[in-house]
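Taking it in order: structure first as C-alpha cells, then the write-up.
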Amino acid sequence: MKAAFALMLVLAAGQGFAAELDRMPLEAATADGQKVRLFPNGRWEFVDAAKAAEAQKAAAEYPENKTQPIGAQGGVFGVGRTIMPGDKDYNRGSLNPKLR
C-alpha cells in the first residue's frame, strides 16, 4: 500500500515538473544567427515578433496546418462536414422527437 502511494506521488510530481518545463522555453541561436525560443515539447518560435508573424503566416499555408478547429463538431478523420460554433446545426442533438 505504501509502495503504491509512493509510486503515485512520484508520478504526480513528475507530471507537475514536466508541465513546469513546458512553460520555460530556452533561448538559442540558429546557425545563421537568428534568435529562437525552444520549448521542451519540440515547438520553437522566433524571438523577433516580426519574424515570428511572418513564419506564422507562412506556416498557415501548409495543408497539414489547416485542420479542424478545436470547437468544431463532425468531420471524422477529415471526411464529412465540419460544423462550426454558431451554426444552426451545432450541438443540435438527436432529430428524433422522442429523444428531445
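Couple of notes before you dig in:
- Here is the list for the stretch 22-61: trypsin sites (Lys or Arg not before Pro) lying in DSSP coil, each with at most 10 other C-beta atoms within 10 angstrom of its C-beta, are ARG23, ARG43.
- FRET E, pair ARG23, LYS51, Förster distance 22 Å, beta-carbon r, rounded to 0.05: 0.50
None of the figures in this text is laboratory data; all of them are computed from the coordinates on show. A quick note: this is a predicted structure, and the numbers were derived from the prediction, not measured. Cβ coordinates were reconstructed from backbone atoms using ideal geometry, including for glycine residues, and neighbour counts include every protein chain displayed.
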